[in-house]
Amino acid sequence: MTVWQTLAIAAVSGIAVPVFQSILEGGGKVLDRFGKGINEQTRQLIFQASEQYTQNFSERHGTLKVLGMREPIELEAVYTTVQVLQDDGAQPFDSLADQEATFRQGGRQGSRRRFVPSDMPTQTGLAIAQEQPYLLVLGGPGSGKSTLLKRVGLEALQGKKGQFDHGCIPVFIELKRLSASDLSLEAFIGREFEISGFPESDNFTQKALEQGKFLLLLDGLDEVPSDNIHPIMEEIQDFVDRYAQNRYMVSCRIGAIRSSFPRFIDVAIADFDNAQIEQFISNWFSSDTDQEVGTAERCWAALQKPKNAAAKELAHTPLLLTFLCRVFDRSQKFPSNRSVLYRKALRILLEEWASEKRIQLDEIYHGLHTEAEEILLSEIAYQGFRANHFFFSKRELVDPIKTFLTDNLNAPQGLDGESILNAIVVQQGIIVQRAEDVYSFSHLSLQEYLTAQYIIDNHLIAETIQAHLSDTAWQEVFVLIAGLMRGGADDLLLAMEQRTLALLHQSELDAEPQAVRSLLRWASRITTEEAGKYEPTAKRAIAIALALALTPAQSLARALAPTLTQTLTKALGSEGSPQALLELAQKLQGLEIFAPQPLQTLISQLENRQAETLSPTQLKQLCLQAFHLPPEILEIGDREIQRLRTYLYNNQLLVRCKQAAVKVSPQTWAEIESRMLRLGAG
């Protein structure tokens, strides 16, 4: 056994053992300049330096501190396995029309609001780093590129005990730290080992490079100032050619460079899927206190609620998921006024993330400050939303950019709009390129927020209500408008109510029976105003659900009152009996929702016929007789069902907007509520 082998086994301990031992056991060649005459002092220096290097690496790159955290947290404590797409994520053959069609087929509600298909093949970042010696890792801002490189480095320090067992010493280099006057990667690496106290650090670096003993983690190619980018790319390429036996990972934002490195495999960081989101949340809230009260479970459950579906989109980006966890940590819930949430998320992408990383990015355009850029982005968002477009061609983005800068910042007519668009895409990730000549906002929720902001800024509320109130695609926009109206949302809610009634009154000219109007009048007559714990509006909704459960419109009934509809359907079905329906009627009587007489009549009839076997048709007839449902309600057609669906949707939207609003006069809302789901008693 050589002196170096003995030294490695006997002296190097802890996390340093696997990597440094494997290098020193390789025949003693890496540090053979010291020869057989090495003394005890040098042995001790090597031991101390290897441990110091490991400690330095872990302290620098093994913690996470973002978005104003008071204290850093261990990367290991919150790390969630990063998935990468099995190519660079580009889809060159998907046209603008194809992207729109695919998105619409998937739907935009609930969990299907995402622009990126969830079934694209992926592989774990650690697995592909284990397989491929040259990797270019691409991704948007805050997507986890740097985190992946750091994690691979920490695993490499574990040697065969970790998930990266190539026996390499990891060296993490922030490329923005290379200066124009000193682009030498060898010199930078040598300084890393000199800082740790390695004797003959330059010689150690040179020998280790020649023998392929390094894992070079070159982070943030996109963060290099534009004047340095080409020299640094040339330096990296030359370096890789000279020392090809080493392993390399380079991270860069998608679109930041026009050409790749010939030896490298390009991969793109995939958005977090649901399993990764849940795991990240579990890792984040892993303290004893959080585990005792179930904070992680409550946070994950909150994200599953339909009202937070738009907020959940943000969670697919690690940076914004971190932001959401911090929001939930402070208040144990997500804010009902989500406009506050999206405003903060937008600012994180526009300026805060670059500031936290100390990135000196080139100015997108002289004088285009954050507020002005928000105005520009809101105009693009609104024009797309109004045209029912969620994907844009390059020209559809470049033209408004040039017009805005020309009109507001006196930009020259020959302005290079494509360069400005590319800077927005690369630096901020609010607009992203989905395929060749196909762009979209990174999150539908951000486009909705910016659209709402544009409507308020340009006094387009009345026009928007007239054109889009009943369009479910605009639902979140209306909710965000309400949340953004700091002066009060009374006028908005009154205008929404007026438009809802106008749409309903259009049915007066129809030749077919007025089923919807009859249903609303019936619901007002059949319910009580004062008794019981339910508000009058809720009582009318339950009455409407009960009536619809007896008609072909059962799907609407389930949407209004799912438990009641299910219980009534079962009681009237083949498994039903007078006893089951009797129990339901008695329960409804105790809730004091309906006027006393109809339920008392139904209960008396069922009690008198308990011994009989009644068919579903007979049971249904007893209900109809007791509640005196008008015949036009029972004969409601498809057109009237759709009208009712729209009417109920508009009322539900009114409630959501009231809940989201910062300020609403109690008197205004009380008046709206008193008129909701009713047309009087006539």
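The values are calculated or read from the model by the stated rules, or taken from the named source; none is laboratory data. Because the structure is a prediction, the values reported are computed rather than measured. Please note: Cβ atoms are built from the backbone with ideal geometry, for glycine as well, and neighbour counts cover all protein chains shown. The area values use the complete protein model at the heavy-atom level, side chains included, leaving out ligands, DNA and RNA. Shrake-Rupley method; radii C 1.70, N 1.55, O 1.52, S 1.80 Å.
Helix 295-304 axis versus longest C-alpha principal axis of the chain: approximately 60°, rounded to the nearest ten.
Using heavy atoms of the protein chains and a probe of 1.4 Å, the accessible area assigned to residue 649 is about 30 Å². Could you work out how far the C-alpha centroid of the range 251-275 sits from that of the range 442-486, in angstrom? Value for the Cα centre distance between the two parts: 34 Å.
Return the lysines within reach of residue 333: Cα separation strictly under 17 angstrom, same-chain partners fewer than 8 residues apart disregarded; answer none if there are no such residues. Filter leaves 305, 307, 312, 344. Between residue 287 and residue 555, the simple label model (points 7 Å from Cα in the Cβ direction) yields a spacing of 4.8 nm. Using a Förster distance of 60 angstrom, determine the FRET efficiency expected from the C-beta separation of residue 56 and residue 663, and round it to 0.05. Calculated transfer efficiency: 0.65. Packing-based ranking of 605-614, 228-237, 205-214 yields 205-214, 228-237, 605-614, ordered from highest to lowest mean Cβ neighbour count within 10 Å.
For the chain, the longest principal axis of the Cα atoms and the long axis of helix 394-409 meet at an angle of about 90 degrees. Taking all protein chains as present, what is the carbon and sulfur share of the accessible area of the range 551-682, in % to the nearest whole number, probe 1.4 Å? That fraction is 50 percent. The alpha-carbon positions of the chain define a convex hull whose volume is 202 Å³ per residue. Per residue, the solvent-accessible area of the chain (1.4 Å probe, heavy atoms of protein chains only, all protein chains present) comes to 45 Å². Distances between placed amide hydrogens fall under 5 Å for residue 135 paired with 248, 249, 250, 265, all partners being 5 or more residues away or on another chain.
Sequence-distant contacts, meaning Cα pairs under 8 Å at least 6 residues apart, place the relative contact order of the chain at 13 percent. In the chain, helices alone account for a calculated mean residue ellipticity at 222 nm of -17500 deg cm²/dmol, with every DSSP H run of four or more residues adding -39,500 (n - 2.57).
Computed in the context of the full set of protein chains, the accessible area of the range 422-547 at 1.4 Å probe radius has 49% of its extent on carbon or sulfur. Packing here is the average count of other Cβ atoms within 10 Å per residue, and on that basis the peptides 410-420, 654-664, highest first, run 654-664, 410-420.
Maximal additional length on extending the residue 371-residue 617 stretch stands at 82.1 nm, based on 0.36 nm per residue less the C-alpha distance.
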